[in-house]
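Novice: Before I ask anything, here is the structure I am working with.
The values are calculated or read from the model by the stated rules, or taken from the named source; none is laboratory data. Just so it is clear, the structure is predicted and the values come from calculations on it, not from any experiment. Glycine also receives a Cβ, built like all others from the backbone with ideal geometry; neighbour counts cover every protein chain displayed.
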């Protein structure tokens with residue numbers, strides 16, 4: 001392994017939301033610099049090879065830890081090993097954090113309409129945490145976010161639903177969680193339906209349009225294609241649509 005390309009990071013906190021969804025916080029042995037919305041490559045040694053996968057970072061660049069919202073893939077190579085980790089265990093993190101799925105500051109627009117499926121919320125949390133910290137320090141102009149996050153059931157939102165609702169009380173974040181299996185979640189009183197079912201409704205009601213806003217979609221590739229279609233029909237040009245697919249659908 002080219003050790004110069006990776007650094008050790010210790011697991012300092014883990015919260016299981018479901019059997020297959022969890023938050024992991026790692027304390028790296030060295031400081032990382034990155035932009036909110038980018039991803040890091042985590043790796044675990046397997047004999048003389050590395051098993052490595054990229055994951056969007058939840059934490060803000062201002063925070064000293066690296067936080068991830070991960071879904072277990074039972075037949076995957078890396079996530080079953082992550083699920084075996086205990087507090088104090090180590091992973092490797094590639095020394096370069098990369099990615100272009102960051103807040104668009106080039107279009108000159110300060111309104112951002114965002115769609116996510118479950119763990120796809122990660123880069124948006126990073127962006128929103130970062131603005132909150134910047135505003136607290138008097139270092140930023142205020143941008144406005146509308147975030148629609150979909151899951152099958154409400155407990156799959158983890159701790160991020162409460163975090164985004166809390167920040168939303170400041171007035172510059174509109175967070176809309178929606179569940180696609182409300183019959184399995186009888187206590188749920190919020191929106192129901194897939195992300196794309198409610199995305200256009202809130203884009204229209206909150207006036208996030210192609211004249212004022214940038215559109216984003218992160219997570220499941222089919223959701224991304226559906227949301228891109230909605231944005232295109234709403235006259236968003238390609239330059240105002242950003243996407244981050246977490247995997248690629250394969251044909252049968």
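Novice: Show me the strands (runs of 3 or more DSSP E) entirely contained within segment 144-252 in which 1 or more residues are at pLDDT below 95.
Specialist: Counting at least 1 such residues, we get 241-245.
Novice: Regarding residue 47, is this residue on the phi > 0 side of the Ramachandran plot and modelled with pLDDT under 95?
Specialist: Yes.
Novice: Examine segment 131-138 for a residue that is in contact with a strand residue (DSSP E or B) (Cβ under 6 Å, 6 or more places away or on another chain) and part of a loop (DSSP other than H, G, I, E, B), and state whether such a residue exists.
Specialist: There is no residue in segment 131-138 that is in contact with a strand residue (DSSP E or B) (Cβ under 6 Å, 6 or more places away or on another chain) and part of a loop (DSSP other than H, G, I, E, B).
Novice: Which one of these is modelled with pLDDT of 95 or more, crowded, with 17+ Cβ neighbours inside 10 Å, closer than 25 Å to residue 221 by Cα and in contact with a helix residue (DSSP H, G or I) (Cβ under 7 Å, 6 or more places away or on another chain): 97, 128?
Specialist: 128
Novice: Which members of segment 208-223 meet the condition of being within 20 Å of residue 149 (Cα to Cα) and free of Cβ contacts under 8 Å to residues at least 40 places away in the same chain?
Specialist: Those that are within 20 Å of residue 149 (Cα to Cα) and free of Cβ contacts under 8 Å to residues at least 40 places away in the same chain: 209, 221, 222.
Novice: Moving on. What's the total number of residues in segment 163-198 that are under 14 Å from residue 113 (Cβ atoms) and in contact with a helix residue (DSSP H, G or I) (Cβ under 6 Å, 6 or more places away or on another chain)?
Specialist: Result for segment 163-198: 5.
Novice: Can you give me the number of residues within segment 54-72 that are in contact with a helix residue (DSSP H, G or I) (Cβ under 8 Å, 6 or more places away or on another chain) and in a strand (DSSP E or B)?
Specialist: The number of residues fulfilling the criteria is 6.
Novice: Need the failing condition index for residue 102 against (1) assigned to a loop (DSSP other than H, G, I, E, B); (2) closer than 16 Å to residue 13 by Cα; (3) under 18 Å from the mean Cα position of the chain (by Cα), just the number.
Specialist: (2)
Novice: I'm trying to understand the selection: among the residues of segment 131-162, which are surrounded by 23 or more Cβ atoms within 10 Å (Cβ to Cβ) and within 15 Å of residue 62 (Cα to Cα)?
Specialist: Listed by number, the list holds a single entry, 131.
Novice: What residue, among those in segment 14-40 that are outside any loop (DSSP other than H, G, I, E, B) and without any contact (Cβ under 8 Å) to a residue 40 or more places away in the chain, is farthest from residue 83 (Cα to Cα)?
Specialist: Within segment 14-40, the match that is farthest from residue 83 (Cα to Cα) is 27.
Novice: Let me ask you something else. Has segment 53-63 got any residue that is without any contact (Cβ under 8 Å) to a residue 60 or more places away in the chain and more than 17 Å from residue 242 (Cα to Cα)?
Specialist: Within segment 53-63 (the criterion being without any contact (Cβ under 8 Å) to a residue 60 or more places away in the chain and more than 17 Å from residue 242 (Cα to Cα)), the answer is yes, since at least one residue qualifies.
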